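Worksheet: the structure to be examined is printed underneath.
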Amino acid sequence: MEPILVAKNIKQYFGGVHAVDDVSLSVFPGEIFGLIGPNGSGKTTFFNSLNGVYKPTSGNFYFDGREITGLKTFEIVSYGIKRTFQNLRLFKAQTVLENILNGNHINYSYNIFDAILKSKKMNKEEACSEEKAMELLKYVELEDKAYSYASMLSYGQQKRVELARALASDSKLLCLDEPTSGIPFADKEHLMELIKQIRTEKGITILVIEHNMEIIKSLVDRVVALDQGKIISEGNPEDVLEDPKVIEAYLGEEEP
Ligand code: ADP
Ligand code: MG
């Protein structure tokens with residue numbers, strides 16, 4: 001089987017900060033692939049390089065057989081890669097339903113020119129009917145919250161709205177940046193089941209950054225551990241979490 005995503009020798013430098021330093025990995029269709037590492041190890045930056053927030057300093061990304069290195073965020077979306085953010089980016093003054101209908105587009109415009117370009121393409125690519133939005137809300141078990149303001153929902157519920165929003169336009173790869181952070185354990189498990197369900201029922205490949213080791217163990221098929229921008233271990237989660245290099249990298253980290 002061909003990988004759906006290939007990262008080849010990705011470097012993302014910010015001056016002297018080597019946030020991502022020569023990372024290569026392949027994700028196969030239908031996998032749930034984990035990215036772990038202590039705070040500041042380059043996980044979110046890797047997502048940003050992949051999703052077109054930054055152009056990699058060097059290296060190449062291939063998706064579904066095509067090179068996507070350095071494309072704009074909205075182009076990456078149109079190729080079928082969606083993401084959620086480490087920190088919530090919902091419109092709190094809008095209803096849950098409106099948040100879904102609006103899709104992800106606003107998150108992606110990091111300058112005004114992109115925003116203009118994007119808004120022209122947006123309707124076509126990210127349109128989501130009210131019917132589909134309601135279906136997605138049912139999927140994340142929030143249909144009774146459709147007309148509530150996003151600000152009225154619990155943090156865990158808001159995370160589920162983000163997930164539904166990322167599913168609003170068809171995607172092949174979903175990049176989740178710490179989807180379960182900041183929510184109570186029971187909700188974490190619920191969210192984890194939902195992520196598994198998205199893979200199984202919708203056939204979407206998932207790349208997930210996750211800090212909680214229990215979640216990693218029961219959620220992902222394979223995992224890569226980063227430290228200071230470099231891969232220090234990779235393989236199945238049981239082995240990686242017991243790798244002395246990984247344990248050492250996490251020493252001194254507060255248990256999240
Ligand atoms: P993680 O998500 O693993 O916690 P990040 O990818 O957010 O880590 O950060 C990795 C490193 O890159 C950190 O040292 C961070 O300060 C640095 N970094 C991230 N983004 C930028 C940026 N835009 N400019 C400069 N440094 C950055
Ligand atoms: Mg991060």
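Structure data summary
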item	result
Sequence ranges 75-84, 208-217, ranked by mean other-Cβ count within 10 angstrom, highest first	75-84, 208-217
P(r) weight above 20 Å for the range 181-256, C-alpha pairs, percent	36
Rg(Cα)/(2.2 N^0.38 Å) for the range 46-105, N = residue count	1.31
Carbon and sulfur %, accessible surface of the range 156-256 computed with the full protein complex present, 1.4 Å	47
Percent of alpha-carbon pairs separated by more than 24 Å within the range 131-238	27
Within the chain, percent of DSSP bridges classed antiparallel, to nearest 5	55
Solvent-accessible area per residue, Å², over the chain with all protein chains present [probe radius 1.4 Å]	46
Cross-link table Lys92/Lys202; Lys82/Lys245; Lys159/Lys196; Lys43/Lys230, entries beyond 20 Å C-alpha to C-alpha	Lys92/Lys202; Lys82/Lys245
Karplus 3J(HN,Hα) series, Hz, for the range 221-233 with 6.51 cos²θ - 1.76 cosθ + 1.60 (x for Gly, Pro)	7, 9, 8, 10, 9, 10, 8, 6, x, 10, 6, 10, 6
Dipole of the chain, positive end: most advanced residue of Ala186, Ser171, Gln157 [Cβ charges, Cα centre]	Ser171
Square roots of five times the Cα gyration tensor eigenvalues for the range 1-107, Å	25, 18, 14
By average C-beta atoms within 10 angstrom, highest first, the peptides 28-36, 143-151	28-36, 143-151
Virtual spin-label span in nm between Ala186 and Asp22, 7 Å along Cα→Cβ	4.9
The range 121-192: radius of gyration over Cα atoms, expressed as a fraction of 2.2 N^0.38 Å	1.14
Equivalent ellipsoid dimensions for the chain as semi-axes, Å, which come from the Cα gyration tensor, largest first	28, 22, 17
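The values are calculated or read from the model by the stated rules, or taken from the named source; none is laboratory data. Model, not experiment: these values are computed from the prediction. Counting neighbours? That spans all protein chains shown, and the Cβs are built from the backbone with ideal geometry, glycine included. Calculation scope for accessible area: heavy atoms of the full protein, side chains included, ligands and nucleic acids excluded. Shrake-Rupley method; radii C 1.70, N 1.55, O 1.52, S 1.80 Å.
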